[in-house]
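Q: The structure follows.
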Amino acid sequence: MGEYGAVAARLVGLAWGVEDLSAAIGATSARESDEIYTEPYRWVRSMTLFAAAAANVAPIDTVFPAYQNLSGLAQYARRGMRDGFAGMLAIHPTQIAVINEAFTPSAESVERARAVVALFEANPGAGVLSFHGAMVDAPHLKQAMRLLSRIEE
């Protein structure tokens with residue numbers, strides 16, 4: 001998975017397919033009874049995220065096959081967004097609005113990102129700053145800039 005960087009100019013994203021993978025390896029299920037992935041699938045999901053980041057392309061999470069369970073989909077999609085995925089695959093048109101909502105940054109997170117960027121712009125050369133009683137540094141600035149670039153696209 002670490003070799004995608006060599007072809008990144010031809011990629012816009014990297015996705016994984018849980019159903020395809022489980023069929024390919026002969027698994028009877030990829031999930032526990034609570035719908036959480038078993039360890040092999042959590043590992044592949046993580047490696048897909050890391051490989052996409054290394055190639056500097058969008059990491060795309062897999063489908064949520066229970067297409068009528070929109071609340072479960074919303075939870076899954078929010079976890080994906082939290083974990084660093086840029087979006088996810090859909091298998092039914094009813095999933096699109098839920099997925100879009102989950103992967104669209106909230107007004108509060110956009111406001112916070114703008115404030116973090118402004119704070120660093122007002123303090124050029126600073127390595128660590130205080131923001132609302134918490135420390136912010138280069139990783140926080142990078143995260144804020146990434147969020148703002150996503151909404152500008």
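Q: With only alpha-carbon pairs counted, each pair once and no self-pairs, how large is the Kirkwood hydrodynamic radius of the stretch 11-88 in angstroms?
A: 12.9 Å
Q: Something else: For the stretch 1-138, max minus min Cα coordinate along each principal axis, in Å, sorted largest first?
A: Sorted from largest, the Cα extents of the stretch 1-138 read 55, 37, 27 Å.
Q: Still on this structure, I have one more. May I ask you to compute the full-extension gain from Arg150 to Val128, defined as 0.36 nm times their residue separation minus their alpha-carbon distance, rounded to one decimal in nm?
A: Here the answer is 5.5 nm.
Q: For Thr28 and Gln68, what is the calculated FRET efficiency with R₀ set at 25 Å and r taken between the beta-carbons, to the nearest 0.05?
A: Calculated value: 0.65.
Q: Expressed as an acute angle from 0 to 90° and rounded to the nearest 10, what is the orientation of the C-alpha long axis of helix 138-152 relative to the principal long axis of the chain?
A: The angle comes out at about 70 degrees.
Q: Quick one: angle between helix 70-83 and the longest Cα principal axis of the chain, in degrees between 0 and 90, rounded to 10, please.
A: Roughly 50 degrees between the two axes.
Q: Restricting the count to DSSP beta bridges whose residues both fall in the chain, what percent are antiparallel, rounded to a multiple of 5?
A: Roughly 50 percent of the DSSP beta bridges within the chain come out antiparallel.
Q: A further question follows. To the nearest 20 debye, what charge dipole does the stretch 3-100 have about its Cα centre, counting +1 at the Cβ of each Lys and Arg and -1 at the Cβ of each Asp and Glu?
A: Roughly 260 debye for the stretch 3-100.
Q: Related question: Can you tell me the orientation of helix 39-55 relative to the chain, as the angle in degrees between its alpha-carbon axis and the longest Cα principal axis, to the nearest 10?
A: With both axes taken from Cα atoms, the answer is about 40 degrees.
Q: Here's another thing I want to ask about it. Going through the stretch 4-100, which GluC sites (Glu not before Pro) have at most 12 other Cβ atoms within 10 Å and a DSSP loop state?
A: Answer by residue number: Glu32.
Q: While we're on this one: Suppose the chain between Val110 and Ile36 were pulled fully straight at 0.36 nm per residue; how much longer would it get relative to their current alpha carbon spacing?
A: This chain segment gains 23.7 nm when fully extended.
Since every read-out is calculated from the coordinates, none of them should be taken as a lab result. Since this is a predicted model, take the numbers as computed values, not measurements. Quick reminder, even Gly has a Cβ in these numbers, built from the backbone with ideal geometry, and neighbours come from all protein chains shown.
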